[in-house]
Amino acid sequence: MSAFTIASTVAEAVTLLADGARPVAGGTDLVVGHRQGKAPLPEKVVAIDRIADLRGIGPDERAAADGSTAGLRIGALVTHAELMTDATVVGSYTALADGAALVGSPATRNAGTIGGNVMNGSPAMDTGAPLVVLGARFELVSGRGTRLVEPDELWTGPGTTSAADDELMTACLLPARPPSSASAYVRLEYRRAMEIAVVGAAASVELGDDGSLASVRVALTAVAPTILAVTGLDDLAGRPLDDDLLAAVADIARSQAAPISDLRASDAYRRHTVGVMAGRAVSAAAARARGEHLAVPINRSVGIGRKADQ
């Protein structure tokens, strides 16, 4: 039988973590993992779902205080359902809304939190690639203080992170978006609901005054031990957003993917399709940057998976 405690403040929670407790909020992964025999329940559990400071989506006051343009602060307890409907996330950080809208079932999206998703460290998480291309940093708090970590610092392997046992993720911080920019996340789906990504891709695109590509960031889901940030895209700046550019993005993404074979797909199939997904993500992000309305999630807008009204 696990010892269960309810924390009402961050300070109380991190004290309990230092004493060996494990935090739980929505519990959508912890409980499922236990029922499937993947991991035993921890001996000590601290519920953090009542900590008000971990909730809410609003301006990043830390950025405003140092003179930079305020970005967005997303509390660790914000649910996927909140992310997919929040006006600021949908309007300016759309790839994250795309990814959140594809997580599990309505029940999972209403219980599961962005903090739990990030700290589980799955290379197949649908919010991971969007967070990478949007420049996210994660706020970790312990009795020793607060530190900010980049995604590639936090995620160290499948289901593992660099966070210490006594550190609590309190927020996700996103920088302000540049003008003429937008983002998108797409994934390959076999089923029309309750799917884990076979492969996925997120893109953030900034357009120049002439409509050409000013900058692009791409990250890939489920093709490496962690979410994979694609490198070598800087040379594409200045080119028109045409089929040749999308093919170049696909080739670069495909060359850097290191997928495995499992019950859902072979490594060769994943390597091919992730290039297709990367091209689609860049195309969709560019369309949004031009002002075209592509509803969340983008998978439904471009005809991947079930329709939005099903």
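The table below lists the values:
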| item | result |
| --- | --- |
| Distance between modelled label sites at residue 9 and residue 268, nm, 7 Å Cα→Cβ extension | 6.1 |
| Relative exposure of 206, 43, judged by other C-beta atoms within 10 Å (fewest first) | 43, 206 |
| Karplus-derived HN-Hα couplings along the stretch 130-143 (A = 6.51, B = -1.76, C = 1.60, θ = phi - 60°), whole Hz, x at Gly and Pro | x, 4, 5, 6, 8, x, 5, 10, 10, 8, 10, 10, 9, x |
| Candidates 11, 219, 100: whichever shows maximal mean-square fluctuation once the chain is modelled as a Gaussian network with Cα springs under 10 Å | 11 |
| Whole-number percent relative contact order across the stretch 65-105, with pairs defined as alpha carbons under 8 Å at least 6 apart | 33 |
| Among 279, 291, 115, residue whose mean-square fluctuation peaks in a GNM of the chain (springs only between Cα atoms under 10 Å) | 291 |
| Within-10-Å neighbourhood charge of residue 9 [Cβ basis; K, R +1; D, E -1] | -1 |
| Mean separation of Cα contacts under 8 Å (6+ apart) over length of the chain, as relative contact order % | 16 |
| Principal semi-axes in Å for the chain [√(5λ), Cα gyration tensor, largest first] | 32, 22, 17 |
| Most mobile listed residue (156, 226, 94) in the chain, GNM with C-alpha springs under 10 Å | 156 |
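Each value in this text was obtained by applying a stated rule to the coordinates, not by laboratory testing. Quick caveat, the model's predicted, so the values are computed rather than measured. Heads up, the Cβs are rebuilt from the backbone with ideal geometry, glycines too, and the neighbour counts pull from every protein chain shown.
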